[in-house]
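Nothing in this text is a laboratory measurement; each read-out follows from the coordinates by a stated rule. Just so it is clear, the model here is predicted, and its values are computed rather than measured. Backbone-built Cβ (ideal geometry, glycine too); neighbour counts: all protein chains shown.
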Amino acid sequence: FVNDAFGAAHRAHASTVGAAQILPAVGGLLMERELDYLATALQAPRRPFIAILGGAKVSDKIRVIEALLKKVDRLLIGGGMANTFFRAQGLETGASLVEEDDVKVAANLLQGHADRILLPGDAVLGDSFSEKANKRCIALDEGVPPGWAIYDIGPGTVQQFAEALKEARTVVWNGPMGVFELAPFARGSNEIAALVAQATASGATSIIGGGDSAAAVEAAGFASSVSHISTGGGASLEMLEGRILPGVEALDERKTLD
């Protein structure tokens, strides 16, 4: 039994775990590539090691943040999940998505790791979730006005993140920087994709964590300019959390086929 479905390796299904209980089970070439890239990044990264996390909800990535803060030199946070951190800093967030139940968690993370967490300094706002939205860019310490929401990182943040990535030798990116599906709010993710590609060209190993971040890199035209794009959004997240994937644990010890 050859399991090459890394994208399903975090699920204990009959096709990933059950089959391995009745047949000799090995990983395929894609599985090997995925595990090699992610395991190396987590266990023996070249430094500086920079992680970039985005996406909508911080609640989905609290364990990832906690695990990465033990390993990375800097953690750059963008996307909707950053809004909860802004609220934890006492900033006005307007109509932006904020997970109120996690504000205290965000505050504790900032208090314990302020030297390694880098948050956006500015943002692109919209007055509606639409391609036709009016938009404006503000410095976040000004506060988001009522009726407006944060939908992307601003140009100042791109420069902040560029500076952090300048000397990077390992980069892991999971989650877009904004609502990249809407053209008015895609620039931040596109710019970060370009920066990761630039870091790769300068010698860094870059890993894109599947899902929306993979789609963002592809949409920006940089899919061939990074080291590895994972095929497993959920599986790569669980690996970043330090969890053992059931579909991988079920495999026999590594064997070489002559």
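Below, the figures for the structure above:
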quantity	calculated
5 Å-binned pair-distance histogram of the stretch 74-199 (Cα, whole percent)	2, 12, 22, 24, 20, 13, 6, 1, 0
Length released on extending from A12 to A107, taking residue separation times 0.36 nm less the Cα-Cα span	30.7 nm
Size of charge dipole - the chain - debye, nearest 20, with Cβ of Lys, Arg +1 and Asp, Glu -1, no other charges	380
More than 17 angstrom apart: percent of Cα pairs within the stretch 196-258	52
Set of aspartates and glutamates near K132 by C-alpha distance (under 14 Å), chain-local residues within fewer than 8 positions excluded	E181
Beta bridges by DSSP in the chain, antiparallel share as percent, to the nearest 5	30
Selection from L140, Y151, P176, by position along the positive dipole direction of the stretch 137-188 (Cβ)	P176
FRET efficiency estimate (nearest 0.05) - Cβ-Cβ, Q159 to I22, R0 45 angstrom	0.20
Debye-sum result for the stretch 167-237 in log10 I(q)/I(0), which assumes one identical scatterer on each alpha carbon, at q = 0.11 Å⁻¹	-0.22
Sequence of S227, S130, S206 once ranked by neighbouring C-beta atoms within 10 Å, starting from the fewest	S130, S227, S206
Histogram of C-alpha separations across the stretch 136-201, 10 Å bin width, %	19, 48, 26, 6, 0
Likely footprinting exposure, D212, D252, fewest C-beta neighbours within 10 Å first	D252, D212
Spin-label zone in the stretch 210-236 - amide nitrogen under 16 Å from a point set 7 Å from the Cα of D36 along the C-beta vector	227-231
Net charge over other residues, Cβ less than 12 angstrom from the Cβ of D101 (K, R count +1; D, E count -1)	0
Equivalent ellipsoid dimensions for the chain as semi-axes, Å, which come from the Cα gyration tensor, largest first	34, 19, 17
In degrees, nearest ten, helix 187-201 long axis to first principal axis of the chain (Cα)	50
Fewest-first ranking of E241, E32, using other Cβ atoms within 10 Å as the exposure measure	E32, E241
Proximal lysines to K135, defined as alpha-carbon separation beneath 26 angstrom and excluding residues fewer than eight positions away on the same chain	K57
